[in-house]
Amino acid sequence: CQHGFLSIYKSKDKSTRYNKSSASEQVMQELDRLVNFFRGRGEMVSLTLTGHSLGGALALLNAYEAEISFSDVFINVISFGAPRVGNLAFKEKLNELGVKTLRVVNKQDIVPKLPGILFNKILHKFNPIMQRLNCVYRHVGTQLKLDKCRSPYLKDDTDFSGRHNLELYLGKNSGSLYLHLLDGFLSRKAKFRRNARRGLALVNKSSDMLIEELKIPEFWYQLPYKGLVLNKCGRWVKPGREPEDIPSPFSSELSSHFATSMST
């Protein structure tokens, strides 16, 4: 699978607070606890993993690892706007393991076309031997394609970041497109469902994608106290960061030196 996604999933750094153990170790430890807990209650156990964008890629890697660890547990993945993760061998292995995947994508979103937006398309036109090359990325599972243009409530000039917005596909600060389109989807041939229940205002929570006629303010979501926190002196200030929480490509010694320099 793509080295970048796998390294994010497997990497760890003992000098930091949050990833002394890798994402893989953390999530598998919790899944092991939950699976054993519900099995202990005599229940049938299944796992549904979900994520948006990079989260969708990591959900797929986690599904692979979980199926290896819990071979008798039904595992499925629902991703939103996720990129390609692995090659044909990775796809076939997931199919062999029985992992079911539903990929929700927006037709105008560029992220699901990555990596290899041009290179992959060219090689796919050649014979099956070329398609089996390790450098050719392949999507996994069934695709549910949404179309921004079907919604009568969205502007025509939504930028690239807006087309990848999760609220447009679900979530708080992740954006607003995917969930809106999914809520109004009936079928590929049907029009947008006008009696959709999800509030239209959520689309503009962190974007400006709704048409002006709806008169819903853009970017209306605001953090409590505008993101400020009350310090021990009774003053409202921006929240500070511990030196170990500051991402750095350097060693722990250089990271500490960099954090000290910044604070002075």
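The values are calculated or read from the model by the stated rules, or taken from the named source; none is laboratory data. Computed from a predicted structure; not experimentally measured. Cβ: placed from backbone, ideal geometry, glycine included. Neighbour counts: every protein chain shown. Note: accessible area is taken over every heavy atom of the protein model, side chains too, but ligands, DNA and RNA are not part of it. Shrake-Rupley method; radii C 1.70, N 1.55, O 1.52, S 1.80 Å.
Output the relative contact order of region 1-120, whole-number percent, from Cα pairs under 8 angstrom with separation of 6+ residues. Intermediate values should be presented prior to the final figure.
Working: 164 pairs, mean separation 26.1, N = 120.
Across region 1-120, relative contact order equals 22 percent.
Determine one quarter of the surface area of the Cα convex hull of region 33-101, which equals its mean projected area, and express it in nm² to one decimal.
The orientation-averaged projected area of the Cα hull of region 33-101 comes to 4.5 nm².
Go ahead and run the numbers for FRET between Glu242 and Thr50, Cβ-Cβ distance against an R0 of 30 Å, rounding to 0.05.
0.50
Over all directions, what mean area does the Cα convex hull of region 1-118 project, stated in square nanometres?
The number I arrive at for region 1-118 is 8.4 nm².
Which value in nm describes the separation of the simple spin-label points at Gln222 and Arg33, placed 7 Å from the Cα toward the beta carbon?
Distance between label points: 3.8 nm.
Read phi for every residue in region 192-202 and hand back ³J(HN,Hα) as whole Hz from Karplus 6.51 cos²θ - 1.76 cosθ + 1.60, θ = phi - 60°, with x for Gly and Pro.
Once rounded to whole Hz, the list reads 4, 6, 6, 9, 4, 8, 5, x, 4, 4, 4.
I need the trypsin sites (Lys or Arg not before Pro) found in region 1-66, filtered to DSSP loop residues with at most 10 other beta carbons within 10 Å of theirs. Walk me through the numbers on the way to the answer.
Values: sites: Lys10, Lys12, Lys14, Arg17, Lys20, Arg33, Arg39, Arg41; in loops: Lys12, Lys14, Arg17, Lys20, Arg41.
The qualifying sites are Lys14, Arg17, Arg41.
Per residue, how much accessible area does region 1-106 show when a 1.4 Å probe rolls over the protein heavy atoms, in square angstrom?
On the way: 5440 Å² over 106 residues.
In whole numbers, region 1-106 has 51 Å² accessible per residue.
In region 33-86, carbon and sulfur make up what percent of the accessible area (probe 1.4 Å)?
57
Would you check the accessible area of Cys233, probe 1.4 Å, heavy atoms only, in square angstrom rounded to 10?
100
Using modelled amide H (1.01 Å from N, peptide plane; none on Pro or chain starts), what sits under 5 Å from the amide H of Phe74, excluding residues fewer than 5 places away?
Answer set, sorted by chain and number: Leu47.
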